[in-house]
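Take a look at the structure set out below.
The values are calculated or read from the model by the stated rules, or taken from the named source; none is laboratory data. Note that the coordinates shown come from a computational prediction; the quantities given were computed from them, not determined experimentally. Cβ atoms come from the backbone with ideal geometry, glycine included; neighbour counts cover every protein chain shown. Heads up: the accessible areas ignore ligands, DNA and RNA and are worked out on the full protein's heavy atoms, side chains in. Shrake-Rupley method; radii C 1.70, N 1.55, O 1.52, S 1.80 Å.
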Amino acid sequence: MFPIFQLTLSVILFTTLSLSLPVHPAQNRAAPKSRNSLDHLEARLSSSISGSVHKRDPGATIIINGSPTTLSDVDRSKYTPLKRQQVVATPGTTDPGAPTAAAPANPVATAGAMNTTDQIAGGTYQLLDMYKGKDFLNSEKWQYWSDSDPTHGSVNYQTMEAAVEKKLAFVGDDGTVTLAVDDTTALGDGENRDSVRISSVKKYDSGLFIASFSAMPYGCSVWPAWWTVGDNWPNQGEIDVLENVHNANANQYTFHTGDGCTIQASDDMTAKLNNEQCAVSGGSDNAGCGMVDTANPNYSYGKQFNEIGGGIFAHLWNDKGIQIWHFPKTSIPDDITAGRPNLANWGKPAAFLPNSASCDTGTHFKGHNLVIDTTLCGDWANPTYSGAGCPGTCSDAVKDPKNYKTAKWNINYIAVYSAGGGSTGGNSSTAGTKVKTGTNPGALAAVVSSPVVSEPSALLTQRFVASVAEPTATMSSVTVATGDPR
């Protein structure tokens with residue numbers, strides 16, 4: 001009897017102790033479902049990416065030395081778990097799959113030095129969209145124009161499938177995206193050369209746009225451009241951020257509008273104004289109000305841009321107007337690299353179209369797609385070909401593939417932030433995530449390091465903006481006015 005009683009007592013004690021132990025979250029199938037997407041964030045200062053964050057939000061972004069990467073693209077076997085931290089969601093923020101916002105540039109130092117406060121992650125400029133790598137080969141984010149060139153260039157623009165098959169659009173081993181002109185096919189008289197033109201699916205009515213390129217196209221007959229444009233050209237405007245022709249040694253910034261927009265030379269910008277009239281006149285005068293970069297030395301275009309490894313073009317479009325900056329790779333501001341733009345550090349813009357009585361930018365610029373293309377000859381490069389010192393004729397140049405070895409874009413990323421000081425993009429919400437900073441348990445203190453970069457200064461970011469509506473128009477349905485320089 002005694003042994004049986006002793007055994008029974010042991011079983012009761014064991015059962016009681018077992019029930020009193022905490023249940024591991026992974027075993028608690030009845031755990032609440034409405035958990036914040038950072039509840040699984042596990043961080044240690046010497047480590048990097050959380051497997052649980054990766055599984056819950058594979059689209060979350062880390063910014064490594066200014067070059068964003070989604071968690072789904074990272075080899076997580078190289079990283080160790082992160083310590084759990086707390087993020088408090090702003091009421092109304094309901095979409096854990098929306099774009100990301102950057103954490104403080106040095107969140108560990110910030111957490112240790114500051115008193116507890118509520119801050120909107122990312123400061124004045126909230127990160128809305130990040131385009132990088134395979135995003136440029138995603139038809140839900142970028143469309144490939146395959147119609148004839150509106151600027152009458154000697155090109156055959158390719159569909160995405162054709163561009164990939166012909167290796168005119170691809171992601172390199174280093175993650176950069178190449179968009180190229182065919183440089184292998186010899187052509188006959190009057191034949192067009194294969195090239196690529198892409199346009200973002202999403203439209204924007206304002207924002208801070210930061211584009212990082214490590215190389216751009218140049219050469220005789222080559223006409224590349226990084227620009228934005230509305231469907232109803234010229235009435236919804238056009239912003240030419242990076243554009244010129246042939247072997248130019250400086251970039252030309254240009255604004256195109258409908259009637260009623262002019263600009264005057266000003267000390268508020270550093271570029272030289274060539275034309276005060278931004279409006280397109282009856283479809284025949286497409287010059288727009290152009291201004292040429294005057295930096296010395298000048299690395300804003302072509303061969304010089306490529307020789308130093310490229311750089312960044314940033315433009316801010318808000319209720320104050322449109323400003324454009326160029327930063328050579330050798331002098332990119334630290335705040336851009338850290339993913340926390342601070343325009344107070346940037347100095348004067350190269351180009352500035354102010355919102356004023358002479359040009360209501362809110363009326364003249366609406367619903368813009370982002371565009372990158374390379375055309376050949378056409379309405380600008382053909383008539384200027386001989387004057388640029390190029391040999392023979394522009395049409396003869398198109399026939400020889402050797403002329404296009406340098407006609408390639410190498411894109412690191414394009415980041416789109418909220419406008420800051422003005423309204424945000426028309427299709428985008430500014431709902432944010434409040435991050436507790438300070439020394440309390442809610443402080444966000446995660447540093448993400450990478451074994452493939454020299455500086456462990458990357459930022460872990462988290463999605464925060466509500467989903468945006470996809471535009472219904474397609475590339476084939478875009479209305480192009482007669483004389484559209486695009």
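Give me the percent of accessible area attributable to carbon and sulfur for segment 125-419, probe 1.4 angstrom. Don't skip to the end; give the middle numbers.
Details: 4930 of 10780 Å².
Ligands and nucleic acids excluded, carbon and sulfur give 46 percent.
Once the dipole of segment 125-419 is set up with Lys and Arg at +1 and Asp and Glu at -1 on Cβ about the Cα centre, which of Val398, Ala211, Ala162 lies farthest towards its positive end?
Ala211
Whole-Hz Karplus ³J(HN,Hα) for segment 163-171, in order, using 6.51 cos²θ - 1.76 cosθ + 1.60 and θ = phi - 60°, x for Gly and Pro?
Whole-Hz 3J(HN,Hα) from phi for segment 163-171: 5, 5, 4, 8, 6, 9, 9, 7, 9.
Between Gln277 and Asp360, what length comes free when the chain is fully extended (0.36 nm per residue of separation minus the Cα-Cα distance, one decimal in nm)?
Working: separation 83, 0.36 × 83 = 29.88 nm, distance 1.36 nm.
Fully extending the segment from Gln277 to Asp360 adds 28.5 nm.
Take the Cβ-Cβ distance between Lys320 and Lys402 as r, set R0 to 56 Å, and report the resulting FRET efficiency rounded to the nearest 0.05.
That gives a FRET efficiency of 0.75.
Net charge near Pro391: determine it from the other residues with C-beta under 15 Å of the C-beta of Pro391, scoring Lys and Arg +1 and Asp and Glu -1. Provide the component values of the computation, followed by the final result.
Numbers: positive: Lys399, Lys402; negative: Asp396, Asp400.
Taking every Cβ under 15 Å from that of Pro391, the sum is 0.
Percent of Cα-Cα pairs more than 25 Å apart in segment 125-419, please.
Numbers: 19448 of 43365 pairs.
Value for segment 125-419: 45 percent of Cα pairs lie more than 25 Å apart.
Under the definition of Cα pairs under 8 Å and six or more residues apart, what whole-number percent is the relative contact order of segment 125-419? Could the numbers behind the result be given before it?
Working: 765 pairs, mean separation 91.0, N = 295.
Once divided by the residue count of segment 125-419, the mean separation gives 31 percent.
Please turn the phi angles of segment 342-354 into ³J(HN,Hα) values with the Karplus equation 6.51 cos²θ - 1.76 cosθ + 1.60 (θ = phi - 60°), one per residue in order, whole Hz, x for glycine and proline.
Using θ = phi - 60°, the values come out as 10, 5, 5, 8, 8, x, 5, x, 5, 10, 8, 10, x Hz.
Work out, step by step, the length gained on full extension between Asp173 and Asn232: first 0.36 nm times the residue separation, then minus their alpha carbon distance; give nm to one decimal.
On the way: separation 59, 0.36 × 59 = 21.24 nm, distance 3.86 nm.
Contour length minus the Cα-Cα distance gives 17.4 nm.
Starting from the eigenvalues of the Cα gyration tensor, five times each then square-rooted, give me the equivalent ellipsoid semi-axes of segment 189-294, largest first, whole Å.
Details: eigenvalues 105, 67, 56 Å².
Those come to 23, 18, 17 Å.
Multiply the residue separation of Glu161 and Ser148 by 0.36 nm, subtract the distance between their alpha-carbon atoms, and state the gained length in nm to one decimal.
Numbers: separation 13, 0.36 × 13 = 4.68 nm, distance 1.71 nm.
The Glu161-Ser148 span can extend by a further 3.0 nm.
Of the listed pairs Lys203/Lys402; Lys272/Lys399; Lys166/Lys303; Lys202/Lys408, which have alpha-carbon separations greater than 31 Å here? List each step's numbers first, then the result.
Working: Lys203/Lys402 37 Å; Lys272/Lys399 35 Å; Lys166/Lys303 25 Å; Lys202/Lys408 24 Å.
Over 31 Å apart, Cα to Cα: Lys203/Lys402; Lys272/Lys399.
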